[in-house]
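Visitor: The structure follows.
Taken together, the values in this text are just the output of simple stated rules run on the coordinates, not laboratory data. Predicted model, so just to flag it, every value in this text is computed and none were measured. Cβ placement follows ideal geometry from the backbone for every residue including glycine, while neighbour counts extend to all protein chains displayed.
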Amino acid sequence: MPYSVFIDGAAGTTGLEIADRLGSRVEFDLARLPENKRKDAEARREAINDSDFVILCLPDDAAKEAVSLIENDHTRVIDASSAHRTAADWVYGFAEFRDGQRARIANARFVSNPGCYPTGFLGLVAPLIAGGLLPADWPYAVNAVSGYSGGGKALIERFEQESDIGFRSYGLNLQHKHMPEMKRHAGLTHDVIFAPSVVRAYRGMIVDVPLNLAAMGCDAKASDLLNMLQHHYDGSAIVRAREGKGVSELLLNENGAATDRLDLFVFANDSGDQVRLIAKLDNLGKGAAGSTVQDLNIMAGLDETLGLRL
Ligand SMILES: NC(=O)C1=CN([C@@H]2O[C@H](COP(=O)(O)OP(=O)(O)OC[C@H]3O[C@@H](n4cnc5c(N)ncnc54)[C@H](OP(=O)(O)O)[C@@H]3O)[C@@H](O)[C@H]2O)C=CC1
Ligand SMILES: CC(=O)N[C@@H](CCC(=O)OP(=O)(O)O)C(=O)O
């Protein structure tokens, strides 16, 4: 028997990407609401309670409302929004970022998927902090660039209507919604300084964490960071860490292909003291739909890579 799956928010940017990845899967039966019922609370309540899995691809308030509509003890939830990412009673849906997380996801009823930017930041620094190579009490700076689909339908419309925007720096009040998530799941003492931006590419993301290891008082060099990341992600078909040497540029293409991979790079100067840890991913891939499908596979006891674009 296939598992029944309802995507609440299926007409949105992330919802459509998830439906695309699940469309041909025989293990899952996708329930759909007609266009005139997709925001109807009673229709959603019924679909949610009739499903084995509900995937929330909604704004935060609507995601909280969807959870409040659950009236049974078995429907399992994967929330792609930021509503529950720091909630103590939800499991953080990033299988690779620390030991034991995949098993926690497999057994969870409520899974909150990571944000797209935190996926890059945590993928880079969480194993290094947990492994003692980087300090937890450091005010990390995170520079990031996203494709404009990262802002959902509203930002897509803006970039496609106002055709002269090439680059948009934002989060200028230093209170971006992803900051608590990065701090909590990296186990940091301080808030990160987060500088996000958007470029004229539909999808794609680069997250860049510059570090002066010597000035931070770290004994580790770039090669130590790379070794630890490669060891941590050894065997993963989704996350790979590699040396930056020989890579002279990282590009986001305007019409770049979808991918569910997370590529991590360690760039360094000759002494190995100055480092840029850089993550390259697809905000709609490992940053949203890819990790949702991966978590769904894990929760359903299936190979985690099924349906992914790797
Ligand atoms: N875009 C991205 O790269 C990423 C997005 N996310 C998260 O995923 C969630 C969805 O984002 P995204 O797909 O980009 O956003 P979109 O704006 O593209 O889609 C949201 C969808 O939710 C629908 N919706 C809004 N309120 C309700 C409601 N009360 N009941 C039912 N449906 C409703 C919207 O309807 P309508 O079509 O009428 O507007 C829309 O179709 C957000 O929480 C976002 O933070 C997570 C990681 C990355
Ligand atoms: C480019 C852009 O606007 N990105 C969004 C973040 C992506 C998103 O909305 O989703 P998650 O929070 O679930 O990652 C933002 O900065 O608010």
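Visitor: Take the residues of segment 264-310 that are without any contact (Cβ under 8 Å) to a residue 60 or more places away in the chain and either within 16 Å of ligand 1 (Cβ to nearest atom) or in a strand (DSSP E or B) (or both): which is surrounded by the most Cβ atoms within 10 Å (Cβ to Cβ)?
Guide: Per the stated criteria, the residue is 266.
Visitor: Among the residues of segment 61-85, write down those that are within 11 Å of ligand 1 (Cβ to nearest atom), in a loop (DSSP other than H, G, I, E, B) and closer than 20 Å to residue 293 by Cβ.
Guide: 80, 81, 82, 83, 84, 85
Visitor: Cβ contacts < 9 Å: first residue at positive phi, restricted to segment 138-160; second residue near ligand 1 (Cβ under 8 Å from one of its atoms) and assigned to a helix (DSSP H, G or I), any location; separation 6+ or different chain. Result?
Guide: Sorted first by the residue in segment 138-160, then by its partner, the pairs are 152/13; 152/14.
Visitor: If you go through segment 91-106 one residue at a time, do you hit one that is part of a strand (DSSP E or B) and surrounded by 15 or more Cβ atoms within 10 Å (Cβ to Cβ)?
Guide: Yes.
Visitor: Within segment 107-135, can you find the residues that are within 13 Å of the chain's Cα centre (by Cα) and in a helix (DSSP H, G or I)?
Guide: 116, 117, 118, 119, 120, 121, 122, 123, 124
Visitor: Tell me, which residue of segment 52-98 that is touching a Lys or Arg at 6+ places or on another chain (Cβ under 7 Å), closer than 22 Å to residue 120 by Cα and not hydroxyl-bearing (Ser, Thr, Tyr) is nearest to ligand 2 (Cβ to nearest atom)?
Guide: Selected residue: 83.
Visitor: Return the total of residues in segment 248-288 being among the acidic types (Asp, Glu) and within 18 Å of residue 20 (Cα to Cα).
Guide: 2
Visitor: Counting residues that are hydrophobic (A, V, I, L, M, F, W, C) and within 16 Å of ligand 1 (Cβ to nearest atom), which strands (runs of 3 or more DSSP E) fully inside segment 154-260 reach at least 1?
Guide: Because the criterion is at least 1 residues that are hydrophobic (A, V, I, L, M, F, W, C) and within 16 Å of ligand 1 (Cβ to nearest atom), the strands (runs of 3 or more DSSP E) in segment 154-260 that meet it are 193-199, 205-212.
Visitor: Since residue 16 meets every condition but one in (1) within 16 Å of ligand 2 (Cβ to nearest atom); (2) hydrophobic (A, V, I, L, M, F, W, C); (3) surrounded by 18 or more Cβ atoms within 10 Å (Cβ to Cβ), which condition does it not meet?
Guide: (3)
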